[in-house]
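Working notes, structure below.
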Ligand SMILES: [Zn+2]
């Protein structure tokens, strides 16, 4: 995928919600639109997500961007957990897709537990009590409810493939839940009180840099050179293949996640929640969240090149001290804002661009 300035990105994340729990001061609740070489996916889908995607897409069209965030192109929705600020926008979005005339199937993925799956199978007509050990916000309970209230095959003109992944079946190495034409998506259990997972998105490797001098010296005519240069399957007259690129999105979690270590890597970008600051460290672990400093520490342990922070508590008017605390631990930390675009290019360059009235403004470049 080629941008107007000539660089090639393999992953492009449009961040459309960076607030925790409730919308506040220009920040909406969780949801991001990710373009991969195998198509677009949404990661989390808080309230109003369909509208946020449409507004962002209109803005992209207005500035003449080649890249768009069209709802109709979304192949899968990846929910990190069942708290409403991460999933309440899903059912209305399905109906919008239907009214837009969608016919392509949509896959929806999320974590659950064996106990919650059994509860649903038993056909209870009520939410489980807390004494049952099943969290009423478990996505198995919500998927069941949504299917019975308008998200069902037959009500919508397109097929919805509901995929629940019991944490009981996922070990520290994670499981591959989806493969989008070579882009692998793995789920890893996290720690948030309700079944929750992080997603790792890993692109296929890409061809090495084309060496036009080398091709000319071999005596090829210009037309053949153009053909070989365009053929991404050919390694002729090219440098070494460029490695796969990896993005991890944590969802909501404490920093205490056994699979978040060096063996999950190599990682280009970790998008990690940073609900709290140092002064609220105790609260962070009590409520299943992380501080900015802890998120940066997780990034160090997994060897992430950039740690991008999101999911900030609405109690903070100014977030700069969260950035300062994280930067004491990891040299490359970034506080995300709604509308930010985070790209990983095939040569490894990481860029963050900020949405302004009429253009992207580059705010970070990391080679
Ligand atoms: Zn949560």
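The values are calculated or read from the model by the stated rules, or taken from the named source; none is laboratory data. On a predicted model such as this, the values are computed, not experimentally measured, just so you know. Because the Cβ atoms are built from the backbone with ideal geometry, glycine has one as well, and the counts that use them run over all protein chains shown.
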Would you be able to say whether some residue in the stretch 78-90 is at pLDDT below 95, within 16 Å of the ligand (Cβ to nearest atom) and under 19 Å from residue 159 (Cβ atoms)? yes
Is it true that residue 272 is in the same structural domain as residue 311 (by TED's automatic domain parsing), in contact with a strand residue (DSSP E or B) (Cβ under 7 Å, 6 or more places away or on another chain), part of a strand (DSSP E or B) and within 16 Å of the ligand (Cβ to nearest atom)? yes
For residue 351, are the conditions met, namely being part of a loop (DSSP other than H, G, I, E, B) and either farther than 24 Å from residue 252 by Cα or assigned by TED's automatic domain parsing to the domain that holds residue 183 (or both)? no
Quick check on the stretch 24-42: of everything there that is in contact with a helix residue (DSSP H, G or I) (Cβ under 9 Å, 6 or more places away or on another chain) and within 16 Å of the ligand (Cβ to nearest atom), which residue is nearest to residue 100 (Cα to Cα)? 31
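Please find, within the stretch 155-199, the residue that is surrounded by the most Cβ atoms within 10 Å (Cβ to Cβ) out of those that are part of a loop (DSSP other than H, G, I, E, B) and touching a helix residue (DSSP H, G or I) at 6+ places or on another chain (Cβ under 6 Å).
Here the residue is 195.
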Candidate set from the stretch 324-343 (those that are more than 22 Å from the chain's Cα centre (by Cα) and assigned to a loop (DSSP other than H, G, I, E, B)); member that is farthest from residue 254 (Cα to Cα): 331
Pick out the one residue from 284, 229, 295 that is crowded, with 17+ Cβ neighbours inside 10 Å, more than 15 Å from residue 188 (Cα to Cα) and outside the structural domain of residue 82 (by TED's automatic domain parsing). 229
Per the filter on the stretch 324-340, residues within 16 Å of residue 300 (Cα to Cα) and in contact (Cβ under 8 Å) with a residue 12 or more places away in the chain are 325, 326, 327, 328, 329, 330, 332, 333, 334
So which residues in the stretch 212-223 are touching a helix residue (DSSP H, G or I) at 6+ places or on another chain (Cβ under 8 Å) and assigned to a helix (DSSP H, G or I), if there are any at all? 212, 215, 216
Please verify whether the stretch 236-258 includes one or more residues that are within 30 Å of residue 218 (Cβ to Cβ) and touching a helix residue (DSSP H, G or I) at 6+ places or on another chain (Cβ under 6 Å). yes
Whichever residue in the stretch 298-323 is without any contact (Cβ under 8 Å) to a residue 60 or more places away in the chain and assigned to a loop (DSSP other than H, G, I, E, B) and, among such residues, is farthest from the ligand (Cβ to nearest atom): 303
Go through (1) more than 26 Å from residue 334 (Cα to Cα); (2) more than 16 Å from the chain's Cα centre (by Cα); (3) in contact (Cβ under 8 Å) with a residue 60 or more places away in the chain and name the single condition residue 93 misses. (3)
Out of 51, 67, 47, report the one residue that is within 16 Å of the ligand (Cβ to nearest atom), surrounded by fewer than 24 Cβ atoms within 10 Å (Cβ to Cβ) and at pLDDT 90 or above. 47
Any hit, the stretch 278-297, residues being closer than 22 Å to residue 334 by Cα and free of Cβ contacts under 8 Å to residues at least 12 places away in the same chain: yes
Picking from 237, 192, 163, the residue that is within 30 Å of residue 341 (Cβ to Cβ), in contact with a strand residue (DSSP E or B) (Cβ under 7 Å, 6 or more places away or on another chain) and away from the ligand (no atom under 16 Å from the Cβ) would be 163
